[in-house]
Amino acid sequence: MTDGRRWLDHVVERGARQLARHTSRRSFLSRLGAALVGTAALPLLPVARAAGDERLAAPDDAALHGDVGDPKSCNYWRHCAIDGFLCSCCGGSQSACPPGTEMSPLTWIGTCRHPGDGKDYIISYNDCCGQSLCMRCRCTRTEGERPLYLTMKNNDLLWCFGTQSRAVNCSVAVVLGVATRS
Amino acid sequence: MLAPVLAAAQGTSGAALDYAVTCQGCHRADGTGTPGTVPALAGSVGKFLRVPGGREFLVRVPGVAQAPLDDAALAAVINWMLARFGGDDVPGGLAPYAAEEVGRLRRRPLTDVERVRRELLEAIGRAR
């Protein structure tokens, strides 16, 4: 063993012994616990709030045949009011942004009927922002869309508001809940 | 965390559904908005009811007045928002918004929203 390695061993050993002398196992466990809780809380911070809106397990698409069950198709059932490039074709999924982009916390929301169970689901069309246009799987569907002067119900707008970048890359279709008419 | 999950599983209807598809896209499910871009409802909306002109403002503000809902549905959404996000700020014994009142107010939209909002916020600040 070289002198350099021996010296390093000595430093590390002395550090470890000092740490053991001055730190109880209980305090180590409490700090480890705090770190784990802190890690669990990270997704609740504002940066991840847009992605955290999904509350409902999405309905099962396995029984759907053809385009209505294909997240890379404009005819996919969730895409009944989407306007933009599908994140499913751009390195993300129907409910997750591609790496390197940020989901806009502001969005426009509509409902789409699932062809399997016949229920109307509340769908949030969030833009993913921070990279230039994906240019794959361009879709324009307009169920429930309103004219531009009703901005909250218009999907021609770029919805990269409240994000670090205004550049839009693609759009997701996140299931938020089931709509029931009472 | 469990309550929203149960609510979502049971389905969303009525004023809660109208809020989800008409307002929530900007104001968020929890009413917190987006600082600097969209005002928060949570911890804020009820304060407007404590100053003169605030009750009218909550209907005449463009996002409410122009919402694609009829007068009765709009009144129900506003009452739902106050119950959900108003908290202790809502004065006790407050009369809920009625369809007739909402219909009358929304036909007089605000032409200078920023000024009116600023003046109301100043009044809210003084009333503390």
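The values are calculated or read from the model by the stated rules, or taken from the named source; none is laboratory data. Keep in mind the model is a prediction, meaning the values are calculated, not measured. Cβ coordinates were reconstructed from backbone atoms using ideal geometry, including for glycine residues, and neighbour counts include every protein chain displayed. Accessible surface areas use protein heavy atoms only, side chains included; no ligands, DNA or RNA. Shrake-Rupley method; radii C 1.70, N 1.55, O 1.52, S 1.80 Å.
Find the accessible area per residue for region A:128-182; the probe is 1.4 Å, ligands and nucleic acids are left out, and the unit is Å². Write out the running numbers ahead of the final one.
On the way: 3020 Å² over 55 residues.
In whole numbers, region A:128-182 has 55 Å² accessible per residue.
Under the classification rounded if a/c is under 1.5, otherwise prolate if a/b is larger than b/c and oblate if not, where does chain B fall, given a ≥ b ≥ c as square roots of the Cα gyration tensor eigenvalues? Present the calculation step by step, with values, prior to reporting the outcome.
Values: a/c = 1.59, a/b = 1.33, b/c = 1.20.
Cα axes put chain B in the prolate bin.
Which residues of region A:162-182 show a drop of at least 50 Å² in accessible area when all protein chains are present, compared with their chain alone (probe radius 1.4 Å, heavy atoms only, ligands and nucleic acids excluded)?
A:THR180
Just by accessible area at a 1.4 angstrom probe, what is the order of B:THR111, A:THR151, A:THR107 from largest to smallest?
On the way: B:THR111 145, A:THR151 70, A:THR107 10 Å².
Highest to lowest solvent-accessible surface, that is B:THR111, A:THR151, A:THR107.
Which sequence of A:LYS72, B:LYS47, A:LYS153 reflects their accessible areas, 1.4 Å probe, from the largest down? Write out the running numbers ahead of the final one.
Values: A:LYS72 120, B:LYS47 55, A:LYS153 20 Å².
Reading off the accessible areas and sorting them downward yields A:LYS72, B:LYS47, A:LYS153.
Using a 1.4 Å probe on protein heavy atoms, which residues of region B:11-50 have at least 50 Å² less accessible area in the complex than alone?
Output list: B:LEU17, B:VAL21, B:GLY25, B:ARG28.
To the nearest 100 Å², how much accessible surface do chains A and B hide from each other in total, with a 1.4 Å probe?
Numbers: alone 11760 and 7600 Å², together 17230 Å².
Chains A and B together bury approximately 2100 Å².
Averaging sequence separations of C-alpha pairs under 8 Å and six or more residues apart, then dividing by the length of region B:1-106, give the relative contact order as a whole percent.
Working: 107 pairs, mean separation 30.3, N = 106.
In percent, rounded to a whole number, it is 29.
Carbon and sulfur: what percent of chain B's accessible surface (1.4 Å probe)?
Values: 3670 of 6510 Å².
Reported share for carbon and sulfur atoms: 56 percent.
Once you put a point 7 Å from the Cα of A:TRP7 and another 7 Å from the Cα of B:ARG126, both along the Cβ direction, what distance in nm separates them?
Going from the A:TRP7 label point to the B:ARG126 one covers 7.3 nm.
Given a 1.4 Å probe and heavy atoms of the protein chains only, how would you sort A:SER124, A:SER132, largest accessible area at the top?
Working: A:SER124 5, A:SER132 90 Å².
If we order A:SER124, A:SER132 from most to least accessible, we get A:SER132, A:SER124.
Whole-Hz ³J(HN,Hα) for each residue in region A:140-152, computed from phi via Karplus 6.51 cos²θ - 1.76 cosθ + 1.60 with θ = phi - 60°, x for glycine and proline: what do you get?
3J(HN,Hα) across region A:140-152, in whole Hz: 9, 10, 9, 4, x, 6, 10, x, 4, 6, 9, 4, 5.
Using a 7 Å offset from the Cα along the Cα-to-Cβ direction at both A:ASN75 and B:GLU119, what is the distance between the two label points in nm, to one decimal?
Once both label points are built, they end up 5.7 nm from each other.
Put a dot 7 Å past each Cα toward the Cβ at B:SER13 and A:ASP67; how far apart are the dots in nm?
So the two model labels end up 3.4 nm from each other.
Enumerate the amide H contacts of B:THR12 below 5 Å, restricted to partners 5 or more residues apart or on another chain; note that Pro and chain-start residues carry no placed amide H.
Amide H neighbours of B:THR12, under 5 Å, 5+ apart: A:VAL178, A:ALA179, A:THR180.
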